[in-house]
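Written out below as structure tokens is the structure these notes cover.
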Amino acid sequence: MAVSPVDPTHNDIPASIVPDALPEQVPEVSGLMGHAVDKVSSVFAYGFILAMGILIFEIFMRHVFNSPTLWVHETTTFLSAIGFVFGGLYCAARDKHIRVVIFYDIVGPKMRKSLDVAISIVCMTASGFFAWAAWLMVKRATLTPTGDIHFETTGSAFNAPYPGILKLFLLVILILLVVQFLIHAINYVRKTPVMSATAKE
Amino acid sequence: NAQEFTLKMQSSDSAGVPNFELEQDWAKRVGVMTGGRVEVEMLPVNSIVEHAETQDAIAAGILDGHITDTSYFSGKDPAFGLIANPVGAWSAPSEMLRFVEYGGGKELMNSLLNPRGLQFIGAVTPGLEAFVSSVPLDGVADLKGLKMRAPEGMVQQVFAAAGASPVNIPQSEVFTSLDKKVIDAADATVFSTNQAMGLHDIAKHPVYPGFHSMPMLEVSVNKTKWDSMPADLQAILEMSIRDLAHDMDARLAMKDMEAVAAARKDGGVTIHNWSAEERAKFRQIATSQWEKVAARSEDAQRVYDTLVKYLTAQGMI
Amino acid sequence: MFELQSLGIEYGTLAMFVLLLGFLLTGMPLAFVTLLIALIFTLGWFGPMAVPLITSRVFSFVSSFVFVSVPMFVMMAAILDRSGIARDLFDAMRLFGGRLKGGVAVQTIFVAVILAAMSGIIGGEIVLLGMLALPQMLRQGYDKNLAIGVVCAGGSLGTMVPPSIVLIIYGLTANVSIGDLFTSAFIPGFMLAGFYVAYILFRSYTGKNIAPPPKTEHIPREEKLRLLKGLFLPMLVVFCVLGSIYGGIASVTEASAVGVAGVIASTIVRREFSLAMLKSAALQTLSTCGMIVWIGIGASALVGVFNLMGGIKFVSALITGISDDPTTIILFMMLILFILGMFLDWVGIALLTMPIFVPIVKDLGYDPIWFGVLFAMNMQVSFLSPPFGPAAFYLKSVAPPDISLGDIFKSLLPFICLQILAVALLIIFPGITGR
Ligand code: NA
Ligand code: NA
């Protein structure tokens with residue numbers, strides 16, 4: 001293959017640019033919980049593929065059989081929403097949430113350790129408040145004023161209980177976030193401060 | 001007099017829509033009528049919480065009240081869907097308002113809302129919605145196989161029963177889908193607003209006056225807050241809503257007629273008006289769906305019973 | 001509880017910005033920074049009973065249908081990344097752009113415009129270009145900064161070129177024709193893309209080591225044909241997606257699913273498909289969407305809290321109080337949008353400012369359609385501007401680890417200047433919108 005002369009300084013692909021499948025392992029600080037989250041993650045990942053599949057199905061039904069479904073759009077939104085919510089926990093467990101590390105990068109290892117611990121505790125506390133608030137929300141979305149169980153539905157002709165389930169799911173994920181950040185905090189306290197070359201980002 | 005109560009109310013309308021301006025005018029009038037003792041702040045849709053979440057937010061004391069389409073709470077209880085838009089029951093705002101004020105509607109609403117922490121003050125309505133279509137529709141038979149968008153609530157079910165194929169796409173995709181003929185028709189809103197949004201540029205066969213939907217907008221506030229108000233302020237608020245209902249009906253109807261006249265003058269748009277027989281046919285299909293919704297919950301059954309009793313007494317069915 | 005309400009809305013707003021910036025710099029995950037500020041102000045201003053406001057907004061945000069196309073685009077990217085399609089595509093593109101210095105970067109903008117016509121929202125496209133175009137440009141010897149800028153700026157065009165969710169939301173808020181908005185945004189969108197192209201060419205020809213030298217050697221006919229084959233499948237996928245939108249077969253969001261199906265079919269044709277590949281692509285989608293969506297969640301929650309604090313009235317009074325001169329008011333609005341763009345996601349900015357700006361603009365007698373296009377152009381700036389630049393975050397989520405956020409923001413500066421130039425031109429020459 002004919003290759004044109006290229007400036008040698010730009011010739012090499014930086015080593016990091018490899019179409020690797022998935023980022024590294026679950027970081028140690030996430031503990032067993034991180035591995036558990038990792039284990040179940042594919043279920044929610046497949047949700048996106050399922051969402052794609054049923055959208056295609058809808059197009060097909062509408063154009064070939066002239067009978068659009070009532071359930072596809074609601075279900076797609078639901079599947080995506082579940083994936084988005086779980087994605088937040090998944091990123092926390094893999095420590096993949098985006099951070100601005102300007103300050104973090106210039107401080108020493110001891111300060112960095114304190115920051116890690118403090119951030120984990122703050123995130124845990126915030127998640128705790130949200131979990132409590134979600135519990136109040138879930139009560140309204142799953143119980144009638146008389147105390148009977150009734151999951152809030154979409155109110156459409158299909159009328160699936162998606163809003164009720166999603167709110168409950170959000171509560172569960174927020175509780176798990178509290179646990180995950182607690183584990184982070186404990187493990188960061190235990191860790192001996194090390195000067196890592198490139199801080200996380 | 002010093003200000004005694006602030007009411008943060010979220011609307012189901014956007015800031016730039018005529019209906020929101022009418023609601024803001026109402027808020028100002030309440031201030032004047034109470035001598036400044038009640039200050040109402042109208043907030044546009046989704047500004048504090050999403051449209052379907054206001055009921056919970058009011059109950060929690062986050063918002064003080066809302067002016068919103070009761071259908072949005074169909075997912076909480078089908079009763080809300082039935083009372084908000086019993087498709088086929090009303091052919092004019094005054095008919096619905098009579099039921100609410102004097103036919104048991106208000107008591108019914110409060111029996112649904114009080115246990116949830118809300119107090120119903122009154123109802124208003126933007127009026128009969130016009131139907132947006134890119135194909136000529138002159139009767140029920142033309143609805144067969146019509147690919148159309150309808151929102152949650154009764155409307156979708158009624159159209160399905162009438163032979164149409166409702167698609168549940170969200171409001172944000174209505175325009176592009178209509179434009180590219182992914183759908184043929186859409187349940188949107190009143191004629192003048194549809195016209196302003198350019199819907200008639202892409203779907204040139206609107207049905208006006210509409211035949212399919214007249215949403216009830218409920219005005220309700222947090223019950224604890226309401227109960228803490230002295231009787232004079234409560235009475236002023238109740239009366240002001242009755243006036244708002246008149247204001248909204250009159251001014252939006254005028255806007256509609258203006259828009260219809262403009263559309264007729266410009267040409268290019270064919271306005272379809274259904275005959276009395278076709279309207280009756282659709283009405284019959286719609287009423288046949290009420291029972292199905294009623295069967296879904298105890299409260300929905302109660303709404304059904306009250307409604308049918310009233311309509312029968314009035315000789316309307 | 002600490003009484004934040006005594007600060008008043010003026011100092012409350014200021015405190016909000018200072019805290020945002022402060023927490024941002026600690027290295028706390030961004031998604032949790034905005035959520036935390038929202039929490040602090042909810043607790044301090046209204047007390048614990050108002051906290052469900054935040055969870056309610058989280059629920060509404062994740063369950064809005066407009067975001068369904070984001071995972072679709074990310075999945076398209078993840079699958080393309082795991083196949084040889086992207087590499088073949090860029091090799092073939094070099095065949096055409098080869099004679100032009102900076103040709104492949106120009107073509108990347110061209111690809112970005114096509115992607116923009118396929119989708120109404122940003123996020124997915126930046127991820128797609130970041131996974132595909134960025135490594136390929138670096139491989140071919142493009143300057144890192146230029147390549148990064150091209151990907152972020154080009155990938156943000158999705159909300160400028162119709163269809164655009166920003167314009168749709170604007171149309172629904174302002175009660176104006178979405179069709180008119182789309183028509184008017186067309187030329188400004190292309191103008192902005194044109195600025196990017198001009199900048200690429202300028203840098204490529206005037207700078208050293210910015211772009212690989214043009215191809216001069218003769219390529220044999222068979223080789224050309226082999227390379228051209230690399231164009232076929234991607235073009236077929238693009239044709240299917242655009243065809244399904246403009247042919248009235250699928251709605252914009254549904255069309256993004258067509259894109260995923262098309263890309264999967266392409267890998268099957270190329271015998272590169274495997275279930276393991278699909279699984280890893282789906283997992284990457286989960287991870288990337290987790291990041292993207294959670295960043296938006298916080299901004300949405302913060303706006304809800306700010307509005308409840310009386311933010312709408314405050315900003316409204318601020319604007320109308322600044323001057324009687326309409327031009328000054330418009331410029332002040334642009335300034336507000338610019339500053340908000342440094343701290344919030346576009347959903348938050350749109351939610352916050354549209355209801356305030358639209359009635360004022362209408363009162364001043366300006367054309368709301370023109371203002372809608374101006375608004376969308378401003379959102380382009382907000383995608384790139386630091387410290388809260390969503391485009392940079394999206395790229396960071398898929399860029400090689402040695403590219404830091406600092407690198408990305410540095411690369412974006414010239415592109416931000418081009419965007420501000422476009423905003424200025426729209427104000428000086430409103431005729432660009434055709435109105
Ligand atoms: Na677009
Ligand atoms: Na920004």
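The values are calculated or read from the model by the stated rules, or taken from the named source; none is laboratory data. Quick caveat: nothing in here was measured; it's all calculated off a predicted structure. Neighbour counts run over all protein chains shown; Cβ positions are idealised from the backbone, glycine included. We work out accessible area using only protein heavy atoms, side chains counted, and drop any ligands, DNA or RNA first. Shrake-Rupley method; radii C 1.70, N 1.55, O 1.52, S 1.80 Å.
Residues in the range C:386-423 that are away from ligand 2 (no atom under 16 Å from the Cβ) and either open to solvent by 40 Å² or more (accessible area, probe 1.4 Å) or basic (Lys, Arg) (or both): C:Pro401, C:Asp402, C:Leu421. Restricting the first member to the range C:3-14 and to residues that are part of a helix (DSSP H, G or I), and the second to residues that are open to solvent by 100 Å² or more (accessible area, probe 1.4 Å), the beta-carbon pairs closer than 8 Å and six or more apart or on different chains are C:Ile9/C:Lys313.
Total residues in the range B:56-96 satisfying the condition of being under 13 Å from the mean Cα position of the chain (by Cα) and among the hydrophobic types (A, V, I, L, M, F, W, C): the figure is 10. Residue by residue through the range C:159-179, note down the ones that are more than 7 Å from chain B (Cβ to nearest Cβ), more than 16 Å from ligand 2 (Cβ to nearest atom) and not β-branched (Val, Ile, Thr). Those that are more than 7 Å from chain B (Cβ to nearest Cβ), more than 16 Å from ligand 2 (Cβ to nearest atom) and not β-branched (Val, Ile, Thr): C:Pro162, C:Ser164, C:Leu167, C:Tyr170. Could you pull out the residue among C:Gly341, C:Gly310 that is away from ligand 1 (no atom under 16 Å from the Cβ), modelled with pLDDT of 90 or more and under 17 Å from C:Phe41 (Cβ atoms)? One residue alone meets the criteria, C:Gly310. Mind listing just one residue for me: the one in the range B:32-55 that is under 18 Å from the mean Cα position of the chain (by Cα) and open to solvent by 40 Å² or more (accessible area, probe 1.4 Å) and, of those, farthest from the other protein chains (Cβ to nearest Cβ)? This residue is B:His51.
Within the range B:243-264, the set of residues being more than 19 Å from B:Ile202 (Cβ to Cβ) and open to solvent by 20 Å² or more (accessible area, probe 1.4 Å) comprises B:Asp243, B:His246, B:Asp247, B:Asp249, B:Ala250, B:Arg251, B:Ala253, B:Met254, B:Lys255, B:Met257, B:Glu258, B:Ala261. The set of residues in the range A:151-179 that are touching a residue at least 40 places away in the same chain (Cβ under 8 Å) and outside any helix (DSSP H, G or I) comprises A:Thr154, A:Ser156, A:Ala157, A:Phe158, A:Ala160.
So if I check each of B:Ala294, B:Ala245, B:Ala235, B:Ala276, which one is touching a Phe, Trp or Tyr at 6+ places or on another chain (Cβ under 7 Å) and at negative phi? Answer to the check: B:Ala294. Scanning the range A:29-81 for residues that are of a type in the set (S, T, N, Q) and either surrounded by 17 or more Cβ atoms within 10 Å (Cβ to Cβ) or at the interface with chain C (Cβ under 9 Å from one of its Cβ atoms) (or both) gives A:Ser30, A:Ser41, A:Ser42, A:Thr69, A:Thr75, A:Thr76, A:Thr77, A:Ser80. Filtering C:Val68, C:Val74 for residues that are touching a residue at least 60 places away in the same chain (Cβ under 8 Å), open to solvent by less than 30 Å² (accessible area, probe 1.4 Å) and over 16 Å from C:Val237 (Cα atoms) leaves a single hit, C:Val68.
Going through the range C:90-105 one residue at a time, which ones are within 25 Å of C:Tyr246 (Cβ to Cβ) and surrounded by fewer than 23 Cβ atoms within 10 Å (Cβ to Cβ)? Passing the criteria: C:Ala92, C:Phe96. Candidates are the residues of the range C:170-220 that are hydroxyl-bearing (Ser, Thr, Tyr) and closer than 27 Å to C:Ala92 by Cα; the one that is surrounded by the most Cβ atoms within 10 Å (Cβ to Cβ) is C:Tyr196.
Could you figure out which of (1) facing another protein chain (nearest Cβ under 9 Å); (2) open to solvent by less than 60 Å² (accessible area, probe 1.4 Å); (3) in a helix (DSSP H, G or I) isn't true of A:Phe129? Among (1) facing another protein chain (nearest Cβ under 9 Å); (2) open to solvent by less than 60 Å² (accessible area, probe 1.4 Å); (3) in a helix (DSSP H, G or I), A:Phe129 violates only (2). When the range A:133-152 is examined, which residues are found to be open to solvent by 20 Å² or more (accessible area, probe 1.4 Å) and at the interface with chain B (Cβ under 8 Å from one of its Cβ atoms)? Within the range A:133-152, A:Leu136, A:Arg140, A:Thr144, A:Pro145, A:Thr146, A:His150 meet the criteria. Scanning the range C:376-396 for residues that are without any contact (Cβ under 8 Å) to a residue 60 or more places away in the chain and away from every other protein chain (no Cβ under 13 Å) turns up C:Asn378, C:Val381, C:Ser382, C:Ser385.
When C:Val373 is tested against (1) within 16 Å of ligand 1 (Cβ to nearest atom); (2) within 14 Å of another protein chain (Cβ to nearest Cβ), just one condition goes unmet, and that condition is (2). Somewhere in the range C:87-104, is a residue within 15 Å of C:Gly259 (Cβ to Cβ) and either away from ligand 2 (no atom under 16 Å from the Cβ) or in contact (Cβ under 8 Å) with a residue 12 or more places away in the chain (or both)? Looking for residues that are within 15 Å of C:Gly259 (Cβ to Cβ) and either away from ligand 2 (no atom under 16 Å from the Cβ) or in contact (Cβ under 8 Å) with a residue 12 or more places away in the chain (or both), one finds at least one in the range C:87-104, hence yes. Being over 21 Å from B:Thr312 (Cα atoms), out of contact with any His (no Cβ under 7 Å at 6 or more places or on another chain), open to solvent by 30 Å² or more (accessible area, probe 1.4 Å) and among the basic types (Lys, Arg) is a property that holds for B:Arg29. Please determine, by comparing only the residues of the range C:350-370 that are within 15 Å of ligand 2 (Cβ to nearest atom) and not polar (S, T, N, Q), which one is farthest from the other protein chains (Cβ to nearest Cβ). Ranking the candidates gives C:Ala350 first.
Within the range B:287-315, the set of residues being closer than 14 Å to B:Met154 by Cα and touching a helix residue (DSSP H, G or I) at 6+ places or on another chain (Cβ under 8 Å) comprises B:Ser288, B:Gln289, B:Trp290, B:Glu291, B:Lys292, B:Val293, B:Ala294, B:Ala295, B:Arg296, B:Ala300, B:Val303, B:Tyr304. None of C:Leu95, C:Leu129, C:Leu138 is within 16 Å of ligand 1 (Cβ to nearest atom) and closer than 30 Å to C:His218 by Cα except C:Leu129. Restricting attention to the range C:255-268 and to residues that are within 16 Å of A:His63 (Cβ to Cβ) and over 20 Å from the mean Cα position of the chain (by Cα), the residue that is nearest to the other protein chains (Cβ to nearest Cβ) turns out to be C:Ala261.
With respect to C:Ser156, determine if the residue is touching a helix residue (DSSP H, G or I) at 6+ places or on another chain (Cβ under 9 Å), within 21 Å of C:Ala422 (Cβ to Cβ), polar (S, T, N, Q) and within 16 Å of ligand 2 (Cβ to nearest atom). So C:Ser156 fits the description; yes.
Here C:Ile219 passes the criteria (1) more than 16 Å from ligand 1 (Cβ to nearest atom); (2) assigned to a helix (DSSP H, G or I); (3) farther than 22 Å from C:Ala77 by Cβ except the one numbered (2). How many residues, within the range C:49-88, are within 7 Å of another protein chain (Cβ to nearest Cβ) and in a loop (DSSP other than H, G, I, E, B)? Selection size over the range C:49-88: 3. The criterion of being closer than 21 Å to C:Pro234 by Cβ and within 16 Å of ligand 2 (Cβ to nearest atom) does not hold for C:Ile148. When the range B:265-284 is filtered for residues that are open to solvent by less than 40 Å² (accessible area, probe 1.4 Å) and assigned to a helix (DSSP H, G or I), the ones remaining, listed by number, are B:Glu278, B:Phe282.
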